[in-house]
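Written below as structure tokens is the structure these notes are about.
The values are calculated or read from the model by the stated rules, or taken from the named source; none is laboratory data. Just so it is clear, the model here is predicted, and its values are computed rather than measured. Quick reminder, even Gly has a Cβ in these numbers, built from the backbone with ideal geometry, and neighbours come from all protein chains shown. When the accessible area is computed, the model is the full protein with side chains, heavy atoms only, and any ligands, DNA or RNA have been set aside. Shrake-Rupley method; radii C 1.70, N 1.55, O 1.52, S 1.80 Å.
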Amino acid sequence: MSNIRHALSVKREDDFAAWYQAVVSEADLAEESGVRGCMVIKPWGYGIWERIQRLMDDRIKATGHENCYFPIFIPLSNFEREADHVEGFAKEMAVVTHHRLIADNDGKLIPDPEAKLEEPLVVRPTSETIIGDAMSRWVQSWRDLPLLTNQWANVVRWEMRTRMFLRTSEFLWQEGHTAHADAAEAKEHTKRMLEVYRACAEDDLAMPVIAGEKPENERFPGAVETWSIEAMMQDGKALQAGTSHYLGTNFAEASNIRYQDKDGGQQLCHTTSWGVSTRLIGGVIMTHGDDDGLRVPPAIAPWQVVILPMLRDKPEDEALLAYCEELRAGIAGKSALGEKVRVLLDKKPGKAAAKRWDWVRKGAPVIIEVGGRDMDNGCVSWIRRNELHRPDGKLNSLVTSRDSMIDGIAAELERTQNELFKEAEDRREANITRGIGSMDALTAFYTENTKFPGWVEVQWSKPTGDALEKVVEQLKALKLTIRNVPVDADPVDGNCIFTGEPAVERIFVAKAY
RNA sequence: CGGGGAGUGGCGCAGCCUGGUAGCGCAUCUGUUUUGGGAACAGAGGGUCGCAGGUUCGAAUCCUGUCUCCCCGACCA
């Protein structure tokens, strides 16, 4: 294995955090902006986001939602209507207080004291309150329900410690907001959207997730129930990849979202909200990345196939380009994963070998190199990003006729998509430990397995309030958190490892991002 | 927000302690020779050292403040 020459200088095994940053930079996904916690998303990274947006948006629309857009600024008085919500977000808000700049005595621009806003505006950290405001106007009758909306937007949370894609001060996301006539319908919808997230994560991002309910202490501020999908990263930590909240009537009361029922009475709506963000890209990196860079699942790859002609700056180049163009057109005419294949003929000047490694680091699923020798034989040389190296360490370069490359591309991409999922799922299953029956055993487990502990599934009695706080404190000492209560777990058959009382459900415990 | 480290051409760094107006590698550009596992050689362009003050005849270097990034912690829907 040591004779493989990898494209990255840092290996996952040696320093996972440094490796992560290397992938972000080497795969040309994003870069620092100079503004605290904010990143510039580069074309390849944004292209992946656009793919995720497209696929997620289709799923959201298929479940009956319509997109809207609400303002980035929320009046302070509007934001402070829901007490728990305020408490949860108050310490990480960006606030606009002035609307004009003037030069001071030194010629430096400062906010004009004369231009102070009567009421400060907060930059949205999430939009429950301002959308609630709109809902209170839009919903009058039971006939207006359910109200199913969604918006794609940026939000700002003034985080203390940021990491590219995983936790940035500003991030891009989708936030769905719905209003329903009763609790049962709203709760059902909360789970329906969780299922949409699970399907998108698994089928589109090839990222296996555990869907489940968050414990009380991890709820969204103002929520009655919070559900999540949790993915295991390659260092064994958990990443919360999406959340769906049943908000009860909390925000309906705060924003006065009411409807007149069939009997003429006034009823409060039950609302939900749910979101996924650019954090998903961080999840893709840490699920599929390897020591040669990123591997992008074909469903979300901006380019699924990249063709690199071996140009020589000679007259023969013309014939080679024509040969490659026929290849490109042939592949572009095929469909895979339900869409036309996205194929790029990369004519950018430069050596094919150097460009190949650029695309390896970016993680294009299929990279085809075509030289004069291939053209003469009616062939192409190509590599599968998933199987880059042979066991002997050599680059796993394959040669195929051009026609069979074209005919086989759809199957190749679909196979890659499935392999990435399978690999991640196998890794996750291999790193979930079950059957730990006591807090002592849990402590021992995490003390012994510091390098790659993975997740542990335990049974608990679902304590609440102070009793839950105690459990949280115990776990915190081990740097662990409760991830969620999986929806489709086996029935319980023992006692709670924290309280000793009869267990009522299974939970996942893990270190988390 | 607490502790630690760091900001010097596009990237990675040296120089700083013992002030005297910048240097290396990679990348870039041009030319030549090359070419199927990340080309070689030659030449060239590009920075006033994060930013703002201060000390000094003189500051990348010393002092103060500030911003940003990285690591650890606290926090984290």
Mind pulling up the Rg/Rh value for region A:248-311? Radius of gyration and Kirkwood radius, both on Cα.
1.43
Which ³J(HN,Hα) values, rounded to whole Hz and listed in residue order, are derived for region A:287-298 from phi using the Karplus coefficients 6.51, -1.76 and 1.60 in 6.51 cos²θ - 1.76 cosθ + 1.60 with θ = phi - 60°, glycine and proline given as x?
8, 10, x, 9, 6, 10, x, 8, 10, 8, x, x
With θ set to phi - 60°, apply the Karplus curve 6.51 cos²θ - 1.76 cosθ + 1.60 along region A:85-96 and write out the HN-Hα couplings as whole Hz, x wherever there is a Gly or Pro.
4, 4, 4, x, 10, 3, 7, 9, 9, 8, 10, 9
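Only Lys, Arg, Asp and Glu count, each charged at its Cβ (+1, +1, -1, -1), so figure out the dipole size of region A:432-510 about its Cα centre, rounded to 20 debye.
Computed charge dipole of region A:432-510: roughly 300 debye.
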I'd like the projected area of region A:188-260, averaged over all directions, using the convex hull of its alpha carbons. Report it in nm² with one decimal.
6.0
Stokes-Einstein diffusion coefficient for region A:375-513 at 10 °C in a medium of 1.306 mPa s, Rh from the Kirkwood formula over Cα pairs: what value in µm²/s?
85
Using modelled amide H (1.01 Å from N, peptide plane; none on Pro or chain starts), what sits under 5 Å from the amide H of A:Met207, excluding residues fewer than 5 places away?
A:Glu202
Run the numbers on region A:432-510 and let me know its relative contact order in percent, using alpha-carbon pairs under 8 Å that are six or more apart.
40
What residues have an amide H closer than 5 Å to that of A:Val504, excluding those fewer than 5 places away on the same chain, when H is modeled at 1.01 Å from N in the peptide plane?
A:Trp460, A:Ser461, A:Lys462
Chain A, dipole about Cα centre (Lys/Arg Cβ +1, Asp/Glu Cβ -1), debye to the nearest 20:
1100
Kindly report the accessible area of chain A per residue (heavy atoms of protein chains, probe 1.4 Å, no ligands, DNA or RNA), in Å².
45
Take A:Ser9, project a point 7 Å from its Cα along the Cβ direction, then tell me which residues of region A:374-401 have their backbone nitrogen under 19 Å from it.
none
So for region A:1-154, Kirkwood radius off the Cα pairs, Stokes-Einstein at 25 °C and 0.890 mPa s: how many µm² s⁻¹?
121
Of every hundred units of 1.4 Å-probe accessible area on chain A, the number belonging to carbon and sulfur atoms, as a percent, is 49
Along each principal axis of its Cα atoms, how long is region A:432-510 end to end? Whole angstroms, biggest number first, please.
31, 27, 19
What Kirkwood hydrodynamic radius do you get for chain A when you take the inverse of the mean 1/r over all pairs of distinct Cα atoms, in Å?
25.4
Assign one of three labels to region A:104-152, namely rounded, prolate or oblate, based on the Cα gyration tensor with a ≥ b ≥ c the square roots of its eigenvalues; rounded applies when a/c is under 1.5, prolate when it is not and a/b is larger than b/c, and oblate otherwise.
prolate
Take the alpha carbon atoms of region A:267-321, find their center, do the same for region A:24-89, and report the distance between the two centers in whole angstrom.
18
Which whole-number percentage describes the relative contact order of chain A, with Cα contacts under 8 Å and a sequence gap of 6 or more?
15
Hey, for a label at A:Asp58 modelled as a point 7 Å past Cα toward Cβ, could you say which residues of region A:319-346 have their backbone N under 15 Å away?
A:335-342
Mind running the shape call on region A:154-308? Use the C-alpha gyration tensor, a ≥ b ≥ c as the square roots of the eigenvalues: rounded below 1.5 for a/c, prolate if a/b tops b/c, oblate otherwise.
prolate
In region A:298-420, lysine pairs 8 or more places apart or on different chains with C-alpha atoms under 25 Å apart total 18
Using a Förster distance of 22 Å, the FRET efficiency for A:Asp203-A:Lys340 (Cβ separation, nearest 0.05)
0.75
For region A:34-108, how big is Rg over Rh, using alpha carbon atoms and the Kirkwood form of Rh?
1.10
Diffing region A:447-458: the Karplus 3J(HN,Hα) column from phi (6.51, -1.76, 1.60, θ = phi - 60°), in whole Hz with x for Gly and Pro, holds 7, 7, 9, 7, 6, 9, x, x, 10, 10, 9, 10
Between A:Glu325 and A:Ala489, what is the label-to-label distance in nm when each label sits 7 Å out along the Cα-to-Cβ direction?
6.1
Would you kindly calculate the translational diffusion coefficient of region A:298-420, applying Stokes-Einstein with the Kirkwood radius from alpha carbon pairs, for 37 °C and a viscosity of 0.692 mPa s, and quote it in µm² s⁻¹ without decimals?
227
With point charges of +1 on the Cβ of Lys and Arg and -1 on the Cβ of Asp and Glu, referenced to the Cα centre of region A:298-420, which listed residue (A:Ser401, A:Val360, A:Gly372) lies farthest in the positive direction of the dipole?
A:Val360
Report the one residue of A:Thr249, A:Pro349, A:Met93 whose Cα lies farthest in the direction of the positive end of the charge dipole of chain A (charges on C-beta: Lys and Arg +1, Asp and Glu -1; origin at the Cα centre).
A:Pro349
Length gain on complete extension for the stretch A:Glu448 to A:Glu31, per 0.36 nm per residue less the alpha carbon to alpha carbon distance?
146.4 nm
